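Data first, discussion second: the structure below is written as structure tokens.
The values are calculated or read from the model by the stated rules, or taken from the named source; none is laboratory data. Values in this document were obtained by computation on a predicted structure and should not be read as measured data. Every residue, glycine as well, gets a Cβ built from its backbone with ideal geometry; the counts of neighbours run over all protein chains shown. Ligands, DNA and RNA are excluded from the accessible area calculation, which covers all protein heavy atoms including side chains. Shrake-Rupley method; radii C 1.70, N 1.55, O 1.52, S 1.80 Å.
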There are 2 protein chains.
Amino acid sequence: MTSPIAPESDGDARRRPPGMTDVARLAGVSQKTVSRVVNNERYVSEELREKVLRAAAELGFRPNTAARALITGRFKRIGVVSLGSALYGPASMLVALERATRAAGLSFMVANTPEGQPEAVQESVDWLLAQGVDGIILSEPKDEGQHLRPDAGVPIVSLGQAADLPAEHVALARGRTAASCREAVEHLLDLGHRQVWHIAAPQDWWEGRERLEGWAQAHRARGIEPPPPLQGDWTPAGGYAAGRLLPPEATAVFCANDDTAIGLARALHEAGRRVPADVSLVGFDDIPAAAYLTPPLTTVQQDFEGDATHALEHLLRLLPGAAPREATPAAPRRRLVVRASTAPPLTE
Amino acid sequence: MTSPIAPESDGDARRRPPGMTDVARLAGVSQKTVSRVVNNERYVSEELREKVLRAAAELGFRPNTAARALITGRFKRIGVVSLGSALYGPASMLVALERATRAAGLSFMVANTPEGQPEAVQESVDWLLAQGVDGIILSEPKDEGQHLRPDAGVPIVSLGQAADLPAEHVALARGRTAASCREAVEHLLDLGHRQVWHIAAPQDWWEGRERLEGWAQAHRARGIEPPPPLQGDWTPAGGYAAGRLLPPEATAVFCANDDTAIGLARALHEAGRRVPADVSLVGFDDIPAAAYLTPPLTTVQQDFEGDATHALEHLLRLLPGAAPREATPAAPRRRLVVRASTAPPLTE
DNA sequence: AACGGGTCTGACTACGCTGTCAGGCGCAAC
DNA sequence: GTTGCGCCTGACAGCGTAGTCAGACCCGTT
């Protein structure tokens, strides 16, 4: 700023970050050779390789992903559509997906669906496509993913059901959740309960529907008519509200998730009904707090890491140029964790 | 597949997505005009604009962000370094940051730090820089962010303390958490408790240190010597373990977070001590379950949305070409929510 | 009639990188 | 001595977009 006339003084000019050309000049090689070193291509002498690496380190060179993506047409990035929610389940799934993605050398971008908008999923997909992704995972547990335009141009897989997608784009086997729920309800029936009530998740979440379905299946398999389901909303508040509607003759309840069970437990406590003596409770998720509630909560433990890895591998298999991968090691498992919130019904 | 010899038949050839050139050809204009329309530049006649938009829609044109980033040098993307954790606090902050970022028209990329690695934060920052971001927010609540190389080339702001960063890169005022904690502890002292115990978070988290600091401050302000803090780890399990070490004379405990309080409550229950009659409990976070525990938990409610918006605006102000923004509307607030887990000590 | 300025449009170029291709070298096979 | 083939290197083109600049046109003013 000493000489107002000096054009673009070199001092504080916003200098662009170094490129391969700069590295090449410093190392005394061609730009293409730098490219080869950076990408670990064959046919570079050890001598030049080291010279290039030294020059790159000295300049603090970082390859420009935009330029690379422009020419290769690949972003090495996958997008995830998720409900914007800090609920334990969705949040854990996101963490697991991020871990799996990065382990695969890909980057990871989330788009949360604004709540309550009918076209929210399509909008998030568009957003991800606009940002540039090679594939999309719908972690969105609601139904809105059912109506996607088919012209995305990249593979899309769903963690659950999504009517519009071809069957091979559904990453996790349908009915898996239902089977776990069925097991949980059977545990209660085995204890001697005549029937098991259910505080359901919203039925426009497919995950919620599956949990209800498994609960109903367990009854029907034994020729029992399930009681009418109560309506929850995944939250403790919803569980509490539903709990106040629970009829006095109920002796066992299967909740759509642990948070619901917490709310229900509170409602029961206020009504003077003891858990598990008067009412047995089963949740779903095995949140960290579940083992430390009073009483500790019987629940179904999920395998988010396994699910995430499974879904990602499924997606990678659909990507162009996918190496033919061997069969997925093992389907993720869920298991019932029996704690003190379940007991046989009181014999009167 | 009918003719195995046909070289690259046009049918299923992976055709690249349409570009501005294709749109231009269809609309009968130059590529530059398409660029102008897409970017809402001035000096395009309404007639051409509509023709271009029609052509773009017909081809399903999506601007190529890689090419745009290549030429502008900006990615319109910010990165967030976070602990990979589904803990309520971190997860809520991520959701809030995503929302704020997208509202600002930017995209958003998370890098979770692998646990337990000393250089984890630097590594995540490098990862984000390699992906291409215009700025970075450290949501990482641990200390490892203190030793960042200064040559990032993009602005970095921290949600908390990070010794290496210039002061103006710390987005949230230091001591804010401490003040809230102090208020929580004062609530207990005001109820008549002689002293308040603390189950601390790990002290290599600055957030954990601040919570301990506020607790200690509340004592010292009244000339009381605080009891030695017990060591927790944010989890119910940690709270439970610490709770078993809580001396019998303790009548009030301030927990580093709600999960810790849940574990502590369990330990107290097993020891036959009632909450709040024998021991009062205060948590931190106001997780959704807090109001539905038995007893409902007194706790400090956070303002993740506010914090996220605040931090993002702080970052945007550091970006080159930042419009001079008016002062941030209002500092995010936290407030104490008093529920049934706190009461005066029993008068013996 | 000539001029100046605002409006509109397109040709050209550069961004940083990877793909393609050609060429030089050394070595073994004929 | 020639040929052929691996190994190594660099020149060149081009990915899809935005910046620059020149030019065409229209208008109102001198």
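A few remarks follow.
- Selection status of B:Leu59, in contact with a Pro (Cβ under 8 Å, 6 or more places away or on another chain), more than 30 Å from A:Pro288 (Cβ to Cβ) and away from DNA strand C (no atom under 12 Å from the Cβ): yes
- Conditions (1) farther than 21 Å from B:Pro236 by Cβ; (2) buried (at least 23 other Cβ atoms within 10 Å of the Cβ); (3) in contact (Cβ under 8 Å) with a residue 60 or more places away in the chain; number of the one not met by A:His187: (2)
- Condition met for B:Ala100 (at negative phi and either in contact (Cβ under 8 Å) with a residue 40 or more places away in the chain or within 14 Å of DNA strand C (Cβ to nearest atom) (or both)): yes
- Condition met for A:Leu106 (aliphatic (A, V, I, L, M), within 16 Å of DNA strand C (Cβ to nearest atom) and open to solvent by 80 Å² or more (accessible area, probe 1.4 Å)): no
- When A:Leu297, A:Leu312, A:Leu245 are checked against the criterion of being crowded, with 19+ Cβ neighbours inside 10 Å, of a type in the set (A, V, I, L, M, F, W, C) and at pLDDT 95 or above, A:Leu297 stands alone in meeting it.
- The range A:14-32, subset assigned to a loop (DSSP other than H, G, I, E, B) and more than 38 Å from the chain's Cα centre (by Cα), residue farthest from DNA strand C (Cβ to nearest atom): A:Gly28
- The set of residues from the range B:50-76 being among the aliphatic types (A, V, I, L, M), farther than 17 Å from B:Ser107 by Cβ and open to solvent by 40 Å² or more (accessible area, probe 1.4 Å) comprises B:Leu53, B:Ala57, B:Leu59, B:Ile71.
- Residue within the range A:60-73 that is out of contact with any strand residue (DSSP E or B) (no Cβ under 9 Å at 6 or more places or on another chain) and within 21 Å of A:Gly208 (Cα to Cα) present: no
- Enumeration of residues in the range B:53-94 that are more than 7 Å from every other protein chain (Cβ to nearest Cβ), in a helix (DSSP H, G or I) and modelled with pLDDT of 90 or more: B:Leu53, B:Arg54, B:Ala55, B:Ala56, B:Ala57, B:Glu58, B:Leu59, B:Arg68, B:Ile71, B:Thr72, B:Met93, B:Leu94
- Selection within the range B:283-294 - crowded, with 24+ Cβ neighbours inside 10 Å, out of contact with any Leu (no Cβ under 6 Å at 6 or more places or on another chain) and not in a helix (DSSP H, G or I): B:Phe284, B:Asp285, B:Ile287, B:Leu293
- Verdict on A:Gln203 being surrounded by fewer than 17 Cβ atoms within 10 Å (Cβ to Cβ) and polar (S, T, N, Q): yes
- Within the range A:33-49, being of a type outside the set (A, V, I, L, M) and either in a loop (DSSP other than H, G, I, E, B) or open to solvent by 90 Å² or more (accessible area, probe 1.4 Å) (or both) holds for A:Asn39, A:Asn40, A:Glu41, A:Arg42, A:Tyr43, A:Ser45, A:Glu46, A:Glu47.
- Remark: pairs (first residue in the range A:135-157, modelled with pLDDT under 80; second residue open to solvent by 20 Å² or more (accessible area, probe 1.4 Å) and in a strand (DSSP E or B); Cβ separation under 9 Å; 6+ apart in sequence or on different chains) = A:Glu140/A:Leu83; A:Pro141/A:Leu83; A:Pro141/A:Trp205; A:Lys142/A:Leu83; A:Lys142/A:Trp205; A:Asp143/A:Trp205.
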